[in-house]
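Right, one structure below, let's go through it.
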Amino acid sequence: MPKKIFEAFIFFYWCGVFGVDAVKSVSVTEGESVTLNTDTEKQKDELIMWRTVHNDSLIAKIKGNNFKTDVLERFRDRLTLDEKTGSLTITNTRTTDSGLYKVTIDKSVTPLNTFNLTVYARLPVPVINHSSKQSSSSSLSSSSSSNCSLLCSVLIESDATLSWYKGVSVLSSISVSHLSRNLSLHLECLDDAYSCVLNNTISNQTTHLNTELCGPCSGADFNCWCGFTEAVIRLALSALVGVAAVAVLVYEFRSRSLQQKKRAQTPSNSD
């Protein structure tokens, strides 16, 4: 049975036996420290034991002022116990520390607390490069003619999401896991509001777009593809300005003509 499937089976079995609320979820980034609390004050002669649920292995215990840790080699020199509460701290966490942990008092079968610890790998910084090829699977534009094609790449060893943003708006995203993935973006007129973000549940890495990769749309030198939509909008705005100008001229002409007619029809004072 694959490891992840087995761990999921153990997790749901444990939740079914003791209830979902009895299992406390804790997340941390690899290399950080995490404390699993007993939520109680330890009595003088109480024996508090910490075990992994996966294989029921003892990893730490304390009774009175005497405590023992590092029972498993993989936790060597990374476990500490609080003398007052019996809470367990794991330092320099690793992704292999992920799993279920339980703490019991004396010979009680029912755990005082059960924790589902998830240690996330540190996220790499995504890299943005100019690409001359257009990806049909993740392109934002259906057009095959694009002079401004950007590629965000990442090599990841854990579950995360790779996304293109403009400001705070998500333009496109894909899920990545244990492999190298690319996400392309085909732009309409470039500015520095674009960024590529790799994120998981508790952290993220962001790379902002360097506008030198693909210059802004201006003049006859188009380094970027200014799309049909923008061209139509510009044309429509120009037409509106032209119509407004003509309307003003017609209004002025008619006003002057009416004033001249009124002056011609009004008798002079000498008459």
Q: Give the residue, chosen from ASN223, ASN200, that is surrounded by 10 or more Cβ atoms within 10 Å (Cβ to Cβ), touching a Gly at 6+ places or on another chain (Cβ under 6 Å) and either modelled with pLDDT of 70 or more or among the polar types (S, T, N, Q) (or both).
A: ASN223
Q: From the list THR104, THR89, THR114, THR96, pick out the single residue that is in the same structural domain as GLY64 (by TED's automatic domain parsing), at pLDDT below 95 and part of a strand (DSSP E or B).
A: THR104
(Q) Please go through (1) farther than 30 Å from ASN204 by Cβ; (2) without any contact (Cβ under 8 Å) to a residue 24 or more places away in the chain; (3) out of contact with any Gly (no Cβ under 9 Å at 6 or more places or on another chain); (4) crowded, with 16+ Cβ neighbours inside 10 Å for THR85 and return the number of the only condition it doesn't satisfy. (A) (2)
Q.
So for segment 127-149 (the condition being in a strand (DSSP E or B), modelled with pLDDT of 85 or more and surrounded by 19 or more Cβ atoms within 10 Å (Cβ to Cβ)), does at least one residue qualify?
A. yes
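The values are calculated or read from the model by the stated rules, or taken from the named source; none is laboratory data. Computed from a predicted model, the values in this text were never measured in an experiment. Note that each Cβ is placed from the backbone with ideal geometry, even for glycine, and that neighbours are counted across all protein chains shown.
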